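First comes the structure, then the notes that go with it.
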Amino acid sequence: MAFKSEELAKAYWRDNISLVLKLLAVWFIVSYGFGIILVDWLNQFTFFGFKLGFWFAQQGSIISFVILIFIYVKRMAALDNKYEVHED
Amino acid sequence: MDIQTLTFIIVGATFALYIAIAIWSRAGSTSDFYVASGGVHPVMNGMATAADWMSAASFISMAGIIAFAGYDGSVYLMGWTGGYVLLALCLAPYLRKFGKFTVPDFIGDRYYSQTARTIAVICAILISFTYIAGQMRGVGVVFSRFLEVEIATGVYIGAVIVFFYTVLGGMKGITYTQVAQYCVLAFAYLVPAIFISFQMTGHILPQTGFGATIADGVSGEGQYLLARLDGLSEELGLAAYTSGLKSKIDVFAITCALMVGTAGLPHVIVRFFTVPKVRDARRSAGWALVFISVVYLTAPSIAGFAKVNLINTVNGPDMAGVEYDAAPDWVKNWEQTGLIKWEDKNNDGKMFYAGDERNEMTVDRDIMVLANPEIANLPAWVVALVAAGGVAAALSTSAGLLLVISTSVSHDLLKRTLTPNITDKQELLWARVAAAVAIALSTWFGINPPGFVAQVVAFAFGLAAASFFPAIILGIFYKRMNSTGAIAGMLVGVVFTLAYIIYFKFVNPAANTADNWLFGISPEGIGTIGMILNFIVSYVVHKLTGDAPQDTQDLVESIRYPKGSGAASSH
């Protein structure tokens, strides 16, 4: 057992899941939300010459995906350190 | 120098580089061969993953598909990148901690079942093989145009090269070769895009250029490029570029199937076994997406520019059509390959492109990227560079897929299932034999393509989405999930998805319309429903048959935190 107690193991996993769910919520909103479901409504706004919904579908979602993964990497490293389950 | 000589030189130089790398990084052990002994730096691994991921289809066809589909093409952009978020957050770190070579390894061990392992092996081989046949064809197409050889000769040349560095180098050789291939293909993709963006809008960055206004001296000057595209589309009876035709639910389902399918593709997942640490697996997925985005953010701009350029060239500045005799060389060059056709329906000697009965042009979407530099009158070396990029994309993906096939046969099928007593050396030999056989078979498919090569891509993603993804997610996040549930789920998911695609693509293609589709979802997006079915069936069957044994639950517990991860091993 890498954790000092059962509670710590549970807390680590809970924090992990909550981080992943938050990031996946953003992942869903920028792609399925802005790029598909709300695309027509967003298209009334213009963003650097693009219709906003169209921009999210072809550019914005992808840029957001990259940022999401790096936030995850950073936050998970902090979490691993906090619970002392990081690799050497 | 003419285009052909330059193509010989540039493609030849890149080949020499790939082979040199393969010889320098020869694999000595099964661990080298399968996962490069887990010693690849995450940025390097990210780059290799990106090259592995971006196939001839991404490089050659994607921008063309978007050019003709407009907004609807977004499904590929979001689908083929969004999967990496799932990979990074939900799969890669845990599979790396688990520390085995292959996806069937995980399925077999996690579900303590040879049946589960065998199903996984069959799915892995099926998915990879579907994919690779198209790749070899891609190599053939690129060569036949630029080296002016028969498609078959092009396929043979490609096969020999791939054989060399897959069979010799294994994962180690492939990884470093793919790093080189990524550089070639990204450079080849960006250079023409930057040139064209600057020509048409004065923007250096194609990503902002295609939202900008058209530069002076280009027809439509002062208008926003996308507004002009929408205007032209309306005038010519095509669907508006920024809205699209597909129904919302279908766009949703296809995007989802591609995302989940991406996260479940064995040749992508296996990349995350090659890094030293769990933390590196997470970073590696991030870097992979950075490198993929370089190309994927450029593709829609190439699509927009190419479409405007095509309409301008064919219809002329006054939208009255251009005399065929005055057509630029590229129209005639590509006409010889049969990928552009002109039929003078109204006998006025002028070409005209439109979405209705006025149309006289048939333009294959695959040529948009390859012909783009010629359309924009770029120097010959750029044209040659694009050829080298297309070949790099096709070769890197074929190599990654071949590795999955050879690993599945030698490791999952022979070592773990049929003949567990073979030595490391014999296993390595079998891996090489399997790779050679797979190359021979895919060469044959590349030369004699079954008519359905283009259509079967839907299989690969649908299958991966409906089989592996739920089994792996449940395996990690739901530790009580048992083998019966997982097997039942995979079988139902795969059979349903296969049946749906086969019915609409092969048995009754005439019925392949939105009215007949389940919930209005096309065969391309049906993997989403297959995945949902898989989850439901797994859960219900698990509830009826009881929890997984305690030692399995402990195993799952142990892959949830990074501490104590070692290099990937076979046992």
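The values are calculated or read from the model by the stated rules, or taken from the named source; none is laboratory data. In this text the structure is predicted, and so the values were computed from the model without any measurement. Because the Cβ atoms are built from the backbone with ideal geometry, glycine has one as well, and the counts that use them run over all protein chains shown.
From the list B:G70, B:G83, which residue is buried (at least 24 other Cβ atoms within 10 Å of the Cβ), on the phi > 0 side of the Ramachandran plot, in a helix (DSSP H, G or I) and in contact (Cβ under 8 Å) with a residue 60 or more places away in the chain?
Answer to the check: B:G70.
I'm told A:L8 meets every condition in (1) farther than 27 Å from B:P276 by Cα; (2) more than 7 Å from every other protein chain (Cβ to nearest Cβ) except one. Can you identify the failing condition by its number? Of (1) farther than 27 Å from B:P276 by Cα; (2) more than 7 Å from every other protein chain (Cβ to nearest Cβ), only one is false for A:L8: (1). Yes or no: B:V278 buried (at least 22 other Cβ atoms within 10 Å of the Cβ) and over 28 Å from B:A212 (Cβ atoms)? Taking the combined requirement at face value, the residue satisfies it. In the set B:G462, B:G485, only one residue is buried (at least 24 other Cβ atoms within 10 Å of the Cβ) and at pLDDT 90 or above; that residue is B:G485. In summary, helices (runs of 4 or more DSSP H) completely within the stretch B:204-298 and bearing 2 or more residues that are among the small types (G, A, S) occur at B:225-235, B:248-264, B:278-296.
If you check B:S565, B:S558 for being under 15 Å from B:F106 (Cβ atoms), buried (at least 22 other Cβ atoms within 10 Å of the Cβ), modelled with pLDDT under 90 and within 14 Å of another protein chain (Cβ to nearest Cβ), only one passes: B:S565. Screening B:F163 against (1) within 20 Å of B:G264 (Cα to Cα); (2) surrounded by fewer than 24 Cβ atoms within 10 Å (Cβ to Cβ) leaves a single unmet condition, (1).
Is it fair to say A:Q44 is farther than 15 Å from B:A88 by Cβ, facing another protein chain (nearest Cβ under 7 Å) and out of contact with any Gly (no Cβ under 7 Å at 6 or more places or on another chain)? First the steps, then the outcome.
Details: farther than 15 Å from B:A88 by Cβ: yes; facing another protein chain (nearest Cβ under 7 Å): no; out of contact with any Gly (no Cβ under 7 Å at 6 or more places or on another chain): yes.
Answer is no for this residue.
Being in contact (Cβ under 8 Å) with a residue 24 or more places away in the chain, in a helix (DSSP H, G or I) and either of a type in the set (F, W, Y) or under 20 Å from B:L236 (Cβ atoms) (or both) is the filter here, so list the residues in the stretch B:327-371 that pass it. Listed by number, the residues that qualify are B:W330, B:W334, B:I367, B:M368, B:A371.
Restricting the search to the stretch B:94-119, which residues are at positive phi and buried (at least 24 other Cβ atoms within 10 Å of the Cβ)?
none
B:G389 satisfies every condition listed in (1) of a type outside the set (F, W, Y); (2) under 22 Å from B:V184 (Cβ atoms); (3) not in a helix (DSSP H, G or I) except (3). Scanning the stretch A:48-56 for any residue that is part of a strand (DSSP E or B) and either in contact (Cβ under 8 Å) with a residue 24 or more places away in the chain or within 8 Å of another protein chain (Cβ to nearest Cβ) (or both) turns up at least one such residue. For the stretch B:288-308, filtered to residues that are aromatic (F, W, Y) and more than 9 Å from chain A (Cβ to nearest Cβ), the residue that is surrounded by the fewest Cβ atoms within 10 Å (Cβ to Cβ) is B:F291.
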